[in-house]
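What follows is a single structure, written as structure tokens, with notes after it.
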Amino acid sequence: MRAVRYDAFGQLPYVTDVPDPDVVQLPGGVVIEVGATGLCRSDWHGWQGHDPDIATLPHIPGHEFAGVVREVGEGVRQVRVGQRVVVPFVCGCGTCEVCRAGATHVCPHQWQPGFSGPGSFAELVAVPAADVNVVPLPDEVSLEVAAGLGCRFATAYRGVVDVARVREGERVAVLGCGGVGLAAVMVAHALGAEVAAVDVDAGALALAREVGAAHLVDASSGDPVEALRERWPDGAQVAVDALGSVVTARAATSSLAVHGRHLQIGLLPPAVVGDRATVPMHTVIARELIVLGSHGMPAGDYARMLADIAGGRLRPERLLGRRITLDEAPAALAAMDAPRGSGVTVIVP
């Protein structure tokens, strides 16, 4: 099969022919023909060597994807060849205490495509423990839309709905309007919240307006916390750091009202953050704030999100941006740290 691969961290990836994945190598696994896969900043972090889970080189990146099941391994009972499916970016072992409690997304023995093993920037990808990790897609959800669900949209959905528990009428600030931030804006708006979107990119802010932001804050023209306080003098009830940086994490916390909730969705790799504090704890103490982390969504919870999408209550197709080929993926991955266009870039192998 053809795949994107890199031989060293930071070295330009390239497209090459590699052996097809072997379903026998993953317990209870399946092989999926990739119909579409999202290009995410987490892939860039992995390529830069910021993720300790990537230990084997050369490596195939890619962790959010949808496709059609091509091969089913021994012991698989609930997944069949020919099914259209999506896979969370964290796969659980399915047998430990955490997985049995339904929290496969934080399984201590987790396996992540594109990090723990070969990823989805390829024509085929193998997934372990398919009966607990592979989710059938409704006919109403396309493979390209589903490709952005496995990481960004699902993470935002669970973070806003189940972790921060945003309620109708609450004030919600979303800092960073990439894929996960735009998804957070859309979901919070669907719940009836008043949403402020913060970014430095005019195109991203314009798209945030289209998907439900009532207020736009251009962080390139001044202090975003001051701008948010001008709109909401008492502060936001919920602030989402959807980018993942020391600057945005601190700004999110500082924009909160007394008893507000800080939701950290944007990834802050240890190699990038180092020993620096990301959240000002004196502010957390003084305002009795709640700091929450959210890391993806278990496969078992996908049904609610997919029902909201199939029913038209959420429209993640509005977040799609560029559609590129596998041959265009290496340059696009390398450019992820530069200013980007708005919307989710989807690779179609």
* Asked: Which whole-number value in Å² is the accessible area per residue of the chain, probe 1.4 Å?
  -> 41
* **Integer Hz, Karplus 6.51/-1.76/1.60 couplings in order for region 312-324, x for Gly and Pro** => x, 6, 10, 10, x, 4, 6, 8, 5, x, 6, 10, 10
* Asked: What part of the accessible area of the chain, given as a whole %, is carbon or sulfur when the probe is 1.4 angstrom?
  -> 51
* Assign one of three labels to region 107-158, namely rounded, prolate or oblate, based on the Cα gyration tensor with a ≥ b ≥ c the square roots of its eigenvalues; rounded applies when a/c is under 1.5, prolate when it is not and a/b is larger than b/c, and oblate otherwise. => prolate
* **Additional length obtainable on full extension of the chain from residue 167 to residue 229, 0.36 nm per residue less Cα span** => 20.3 nm
* To do: Run a plain Debye calculation on region 75-222 (Cα atoms as equal point scatterers, no solvent) and give log10 I(q)/I(0) at q = 0.15 Å⁻¹, rounded to two decimals, same order as the q list.
  => -0.88
* **Sites residue 287 and residue 310 - FRET efficiency at Förster radius 45 Å, r taken between beta-carbons, to 0.05** => 0.70
* Once the Cβ-Cβ distance between residue 57 and residue 246 is put in as r, and R0 is 35 Å, what FRET efficiency do you end up with, to the nearest 0.05? -> 0.75
* Structure fact -> Residues whose built amide H sits under 5 Å from the amide H of residue 320, excluding neighbours closer than 5 in sequence, are 344
* To do: Determine the calculated [θ] at 222 nm for the chain from helices alone, applying -39500 (n - 2.57) to every DSSP H run no shorter than 4 residues and normalising by the residue count; nearest 500 deg cm²/dmol.
  => -6500 deg cm²/dmol
* Structure fact -> Per-residue accessible area, 1.4 Å probe, largest first, puts 65, 9 in the order 9, 65
* Give me the Kirkwood hydrodynamic radius of region 204-349 in Å, from all C-alpha pairs, to one decimal place? -> 17.7
* Structure fact -> The set of residues whose placed amide H lies less than 5 Å from the amide H of residue 35, leaving out same-chain residues fewer than 5 positions away, is 66, 67, 68
* Under a 1.4 angstrom probe, counting protein chains only, how are 50, 105, 282 ranked by accessible area, largest first? -> 282, 50, 105
* Structure fact -> For 32-43, 88-99, ranked highest to lowest by mean beta-carbon neighbours within 10 Å, the order is 32-43, 88-99
* Using the Karplus equation 6.51 cos²θ - 1.76 cosθ + 1.60 (θ = phi - 60°), what ³J(HN,Hα) coupling, rounded to whole Hz, does each residue of region 113-118 give in order, writing x for Gly and Pro? -> x, x, 10, 5, x, x
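The values are calculated or read from the model by the stated rules, or taken from the named source; none is laboratory data. As the structure is a computational prediction, the values presented were derived from the model and not from experiment. Neighbour counts run over all protein chains shown; Cβ positions are idealised from the backbone, glycine included. Side chains included, ligands, DNA and RNA excluded: accessible areas come from the protein's heavy atoms. Shrake-Rupley method; radii C 1.70, N 1.55, O 1.52, S 1.80 Å.
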